[in-house]
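Reading through the structure tokens given below for one structure.
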Amino acid sequence: MRATINGIEMEYLVDGPATAPAVLLSHSLATTMTMWKDQVPLLAQEFRVVRYDMRGHGHSSAPAGPYDFAMLAADVVGLLDHLRIDRAAFVGLSIGGIIGQHLAAHHPQRLSAAVLCSTTSQISDQVRGIWDQRIAAVETGGMESQVASTLERWFTEPYRAASPHVMAWVGDMIRTTPLAGFIGCGRAIQSIDVAKDLGRIRTPTLVLPAEKDPGMPPALSETIHRAIAGSEFAVVGNASHLSNIEQPAAFNAIVAAFLRKSQSGR
């Protein structure tokens with residue numbers, strides 16, 4: 001399905017009962033909403049599950065930048081408005097988790113709960129420089145230049161070796177990401193600083209890193225957890241960045257239990 005949101009065409013899908021509480025899933029950089037395929041069958045039994053292709057990704061429009069997190073969060077609010085959803089639980093991974101932090105800080109009335117997976121609230125000068133290198137690489141060599149190194153960061157070595165079909169699937173998502181989308185979101189990541197806003201968040205929140213994530217290790221998530229009063233913290237064991245794909249059973253169990261609890265407290 002498609003909708004015109006904030007001047008772009010946004011692709012989205014909805015699963016589950018129309019009258020159930022809504023859950024919105026926000027994917028990582030250089031993937032699409034299909035990365036949630038192992039979560040939807042379970043969540044759609046109890047929730048109205050909304051997935052979307054982020055600006056610059058998948059079948060959504062990929063305008064030239066600059067992008068920022070106010071814009072990416074406004075896209076989510078616009079989609080909720082289009083679907084006439086007043087409040088939704090939000091599950092975001094990596095850049096999706098940064099969007100979730102921005103929503104919880106600046107649009108709290110739209111969220112019933114937030115799950116922040118494998119994410120961060122600010123970046124160092126060193127990491128900012130790494131993003132300059134990645135963006136320069138795709139400007140000269142296209143997205144293919146990012147496939148091998150990204151798969152190495154996103155999945156543990158044993159899982160990569162045992163799951164060539166998953167590596168092919170995720171690799172195709174990376175290489176087909178529009179350059180404008182990757183660069184626009186990459187520049188947004190370079191400029192993030194939501195850490196200063198975390199103390200204002202009152203949305204029921206679960207912070208969920210992956211045990212073996214080299215780029216966004218649990219220590220970064222612990223900082224977010226400490227800053228958000230009353231937040232919960234859990235770790236997906238034996239997984240790297242895309243823990244929802246590498247360890248779907250463990251990821252699903254943790255997220256579903258939190259969402260059920262957050263909805264029961266409404």
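Please find the FRET efficiency linking R84 to A219, where r is the Cβ-Cβ separation and R0 is fixed at 35 Å, and quote it to the nearest 0.05.
About 0.30, to the nearest 0.05.
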Could you tell me the distance between the Cα centroids of the range 218-266 and the range 1-75, to the nearest Å? 19 Å
Computed FRET efficiency, Cβ-Cβ of A180 and H59, R0 22 Å: what is it to the nearest 0.05? 0.95
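Can you give the % of DSSP beta bridges in the chain that are antiparallel, to the nearest 5? Please list the in-between numbers first.
Working: 9 of 31 bridges.
Roughly 30 percent of the beta bridges in the chain run antiparallel, per DSSP.
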Computed over the Cα atoms of the range 1-152, what is the ratio Rg over Rh, Rh following Kirkwood? 0.97
Whole-Hz couplings from phi, Karplus 6.51/-1.76/1.60, listed for the range 86-98; x for Gly and Pro: 6, 9, 9, 6, 10, 10, x, 10, 6, 4, x, x, 5
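Averaging the inverse of every distinct alpha carbon separation and then flipping it gives the Kirkwood radius. What is it for the chain, in angstrom units? Walk me through the intermediate numbers first.
Details: mean 1/r = 0.0550 Å⁻¹.
Value: 18.2 Å, from the Cα pair sum.
Which of rounded, prolate, oblate describes the range 28-67, given a ≥ b ≥ c as roots of the alpha-carbon gyration tensor eigenvalues and a/c under 1.5 marking rounded, otherwise prolate only if a/b is larger than b/c? Walk me through the intermediate numbers first.
Values: a/c = 3.64, a/b = 2.65, b/c = 1.38.
Prolate is the answer for the range 28-67, as a/c is 1.5 or above and a/b outweighs b/c.
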How far apart, in nm, are the 7 Å Cα→Cβ label points at Q45 and E9? 3.7 nm
With the cut-off at 1.5 for a/c, could you classify the range 210-266 from its C-alpha gyration tensor as rounded, prolate or oblate? oblate
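In nm, what is the difference between 0.36 nm times the number of residues separating V127 and D68 and their Cα-Cα distance? Kindly include the intermediate steps, with their values, before the conclusion.
Working: separation 59, 0.36 × 59 = 21.24 nm, distance 1.73 nm.
Length gained, V127 through D68: 19.5 nm.
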Which of rounded, prolate or oblate describes the range 118-236 when judged by the alpha-carbon gyration tensor and an a/c cut-off of 1.5? oblate
Charges at C-beta only: +1 for Lys and Arg, -1 for Asp and Glu. How large is the resulting dipole of the chain about its Cα centre, in Debye rounded to 20? 660 debye
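Coordinate-derived values only; no laboratory data. Computed from a predicted structure; not experimentally measured. A quick note on method: Cβ atoms are made from the backbone with ideal geometry, for glycine too, and the neighbour counts reach across all protein chains shown.
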